[in-house]
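The values are calculated or read from the model by the stated rules, or taken from the named source; none is laboratory data. Since the model is a prediction, treat every value here as computed from it, not as a measurement. In this analysis, Cβ positions are derived from the backbone assuming ideal geometry, glycine residues included, and neighbour counts consider all displayed protein chains. Please note that ligands, DNA and RNA were not included when accessible areas were found on the heavy atoms of the full protein model with its side chains. Shrake-Rupley method; radii C 1.70, N 1.55, O 1.52, S 1.80 Å.
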Amino acid sequence: MGDFNQMVVLDQVRRAVGGSSRVELAAATGLSLQAISNIVGRLIALGLVVEGERRAEGRGKPRTMLHLDPQGAYALGVHIDPVVVTSVLVDLSGDAVEKTVVDTPTGPEAVVEAVAAATREMLQRAGVERAKVLGLGVAAPGPVDFPSGSVVHPPLLTGWDRVPVRSMVAEATGFDVVLEKDVSAAMVAELWRGERMLHGTSVFFYTGFGVAAAVAVDGELVRGSSRNAGEIGHLVVDADGPPCTCGSRGCIGVSAAAQTLVEEAVARGVLASGTPAASPRELDAALTAVGEAATAGDTAAAEILTVSARRVARGITTVVDLLDARVVVFGGPAWSRLAPHYLPVVRAELAAHATLRELHAVEVLGSSLGDHVGALGAASLVLDRLFTPRTSDLVVRQ
């Protein structure tokens, strides 16, 4: 309970704009002033909180404001993607102080070596001692076997069937490692950094080489029985849509897939016949070209992306209705190229067809964390595990 209260106080301090006094912390948490003083003393001793300016309010004596010390601790995050491996070093506020992006090497061993090298380089450049690093988070495409810390069979990563990523990265880096699906990590980044998804039900829709969703209720990630919740790729959104490998047509995954969009762009003359798209990097470059063509006014390119957006919007509407969600955030490696064409379509679809629209609006947003939200989320996993209070952690499970 004492550790839980410490998390509660730290969370209040880090989210308070302009800082918070001990009196304000007592009022916000329901803890006594004596308990707050004891907890704040421990947090200061740990280097996580610092005392700042004295602020006069009313007739009472000035109150000393407390602030998070961003340099009090750090976390490392890695996102393994078919195109690039992104590594970040973040401070306690979740801001990236160093970042390294390399082309994804072939094979798990080479990827782990690249992660270890990036970790060493970032710590050296930042001048951060290893002792101040709380751990390392890894975000990877799912599904994930969490008991063994293994990536089962991620798409477009050759030779990655049941790879024990967690233990391999831990051995190579010497840090405690937490492994999570990329979409779940992205949701944790949003929860750690902002306020908009802390209340009610929220959805994060991930756009990369596949699509997936993550759900949070009152700021806590819903993980599912095997912690792999959110695999919505085979939700049918258009019975006449493109064929899917599952045997159906118009699944949401294939409707938003880079492969589908690039193939349609080649068929309609947006991209030249023979445009390289065999490897993940080539496919990613071709998708960028489609987005650039649409932005430049190519009507065929714009129509391809708009049709894809409508299909995705239908699926999102179904998910929102099922969960009674208030916020949907889009993000992921492909999002910056899709955003101008997806956002207006999804917003219009939800406003017109969401079943609960007469009770509440659904806010549709793009992630504010950029294309590397997966890596930031991986680092946020470490911070979230250690510093975010969860009432579920107080329950002893048999």
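Cβ-Cβ distances below 7 Å connect the following pairs, each with a first residue in region 179-195 that is more than 21 Å from Phe209 (Cβ to Cβ), a second residue that is of a type in the set (A, V, I, L, M, F, W, C) and assigned to a helix (DSSP H, G or I), and a separation of six or more residues or different chains: Trp192/Leu383.
Being outside any helix (DSSP H, G or I), out of contact with any helix residue (DSSP H, G or I) (no Cβ under 9 Å at 6 or more places or on another chain), farther than 22 Å from Val373 by Cβ and of a type outside the set (Phe, Trp, Tyr), is that true of even one residue in region 117-124? So far as region 117-124 goes, no, none of its residues is outside any helix (DSSP H, G or I), out of contact with any helix residue (DSSP H, G or I) (no Cβ under 9 Å at 6 or more places or on another chain), farther than 22 Å from Val373 by Cβ and of a type outside the set (Phe, Trp, Tyr). With respect to the conditions (1) touching a His at 6+ places or on another chain (Cβ under 8 Å); (2) crowded, with 21+ Cβ neighbours inside 10 Å, Pro154 lacks only one, and its number is (1). Look at (1) part of a helix (DSSP H, G or I); (2) touching a Pro at 6+ places or on another chain (Cβ under 7 Å); (3) small (Gly, Ala, Ser) and you find that Ala170 fails only one, number (2). Note on region 78-99: residues that are more than 26 Å from Leu68 (Cα to Cα) and at pLDDT 95 or above total 4. In this structure, Ala56 does not qualify as hydrophobic (A, V, I, L, M, F, W, C), modelled with pLDDT of 95 or more and within 30 Å of Ile36 (Cα to Cα). Candidates Ala309, Ala351: the one that is under 30 Å from Leu198 (Cβ atoms), outside any loop (DSSP other than H, G, I, E, B) and open to solvent by 40 Å² or more (accessible area, probe 1.4 Å) is Ala351. Of all the listed residues (Val364, Val373), the sole one being of a type in the set (Val, Ile, Thr), open to solvent by less than 30 Å² (accessible area, probe 1.4 Å) and in contact (Cβ under 8 Å) with a residue 60 or more places away in the chain is Val373. Pairing residues of region 127-148 that are within 26 Å of Ala96 (Cα to Cα) with residues that are part of a loop (DSSP other than H, G, I, E, B) and among the polar types (S, T, N, Q), at Cβ distances under 6 Å and at least 6 apart in sequence or on separate chains, gives Gly142/Asn228. Counting only residues that are farther than 20 Å from Ala256 by Cα and buried (at least 22 other Cβ atoms within 10 Å of the Cβ), region 194-220 holds 3 of them.
If the condition is being assigned to a loop (DSSP other than H, G, I, E, B) and touching a residue at least 60 places away in the same chain (Cβ under 8 Å), then region 231-255 contributes Glu231, Ile232, Leu235, Val237, Asp238, Gly241, Gly250.
Take Val319 and decide whether it is at pLDDT 95 or above and either of a type outside the set (Gly, Ala, Ser) or under 26 Å from Ala258 (Cβ atoms) (or both). Yes: the conditions hold for Val319. Looking for whichever is open to solvent by 40 Å² or more (accessible area, probe 1.4 Å), farther than 23 Å from Gly331 by Cα and basic (Lys, Arg) here; the options are Arg281, Arg249. Which one fits? Criteria check complete, one pass: Arg249. Taking the criterion of being under 10 Å from Ala286 (Cβ atoms) and aliphatic (A, V, I, L, M), the residues of region 257-269 that qualify are Ala258, Leu261, Val262, Ala265, Val266.
Screening the candidates Val83, Val78 for the property of being in contact (Cβ under 8 Å) with a residue 40 or more places away in the chain, within 30 Å of Val115 (Cα to Cα) and open to solvent by less than 10 Å² (accessible area, probe 1.4 Å) yields one hit, Val78.
Determine whether Gly142 is touching a Lys or Arg at 6+ places or on another chain (Cβ under 8 Å), in a loop (DSSP other than H, G, I, E, B) and over 25 Å from Leu68 (Cβ atoms). Yes; evaluated as a whole, the condition is true for this residue. Condition check for Val101 on (1) within 21 Å of Leu179 (Cα to Cα); (2) crowded, with 16+ Cβ neighbours inside 10 Å; (3) touching a Leu at 6+ places or on another chain (Cβ under 9 Å); (4) in contact (Cβ under 8 Å) with a residue 40 or more places away in the chain: one failure, at (3).
Based on this model, can you work out whether Gly94 counts as over 17 Å from Gln6 (Cα atoms) and part of a loop (DSSP other than H, G, I, E, B)?
On the way: over 17 Å from Gln6 (Cα atoms): yes; part of a loop (DSSP other than H, G, I, E, B): yes.
Here the answer is yes, as Gly94 does meet what is asked.
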